[in-house]
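Inspection log for the structure reproduced underneath, given as structure tokens.
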Amino acid sequence: MIIAGLVLAGIAALIHVYIFYMESIAWTSAAARKTFGTTEDEAAAPATKALAFNQGFYNLFLAVAVILGIIFFAIGQDSIALTLIFTGAGSMVGAALVLILSSPDKAAAALKQGVVPALGVVMLAIGVAI
């Protein structure tokens, strides 16, 4: 169970690195506009660019926490590893819950960003408990 939890948390981290890329680097691209449902004018507006840039870094930092947790697990530092993974992946789940509760029309996006880390957290918790 622990390995499955680590793999799922790692996949969640990769998803969040991709979200970082879309929000902070490729925000005005056609792919990002399609993904986030923005028009060319909305994406180019200084306010949305700044918000997306900042939000992208939040996603990157959550991914980094999980990746570092996996590295610490690999070198036998289980307490540090679990703290980082549960914090990073748990925050991903929390952000997905906030999104779905505040914007029900974005349920698909919330599920894309929240289901994999939720499964990782559950598997890891079960693996640690048994």
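The values are calculated or read from the model by the stated rules, or taken from the named source; none is laboratory data. These figures come from a predicted structure and were not determined experimentally. Neighbour counts run over all protein chains shown; Cβ positions are idealised from the backbone, glycine included. Note: areas computed on protein heavy atoms with side chains; ligands, DNA, RNA excluded. Shrake-Rupley method; radii C 1.70, N 1.55, O 1.52, S 1.80 Å.
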Residue within the range 11-26 that is at pLDDT 95 or above and farther than 21 Å from Gly114 by Cβ present: yes
Looking at the range 67-102 only, could you name the residues that are aliphatic (A, V, I, L, M) and assigned to a loop (DSSP other than H, G, I, E, B)? Ile75
Could you tell me whether any residue of the range 5-27 is surrounded by 13 or more Cβ atoms within 10 Å (Cβ to Cβ), in contact (Cβ under 8 Å) with a residue 12 or more places away in the chain and not in a helix (DSSP H, G or I)? yes
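State all residues of the range 91-102 that are small (Gly, Ala, Ser) and surrounded by fewer than 17 Cβ atoms within 10 Å (Cβ to Cβ); if no residue qualifies, say none.
Residues satisfying the conditions are Gly94, Ser102.
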Selection over the range 57-83 where residues are within 17 Å of Ala129 (Cα to Cα) and touching a residue at least 12 places away in the same chain (Cβ under 8 Å) yields a count of 4
Has the range 103-111 got at least one residue that is open to solvent by less than 50 Å² (accessible area, probe 1.4 Å), closer than 17 Å to Ile11 by Cβ, of a type in the set (Gly, Ala, Ser) and modelled with pLDDT under 95? yes
Subset of the range 30-53 [under 17 Å from Ala109 (Cβ atoms) and in a loop (DSSP other than H, G, I, E, B)]: Gly37, Thr38
Considering only the range 36-70, state which residues are closer than 17 Å to Leu99 by Cβ, β-branched (Val, Ile, Thr) and open to solvent by less than 40 Å² (accessible area, probe 1.4 Å). Thr38
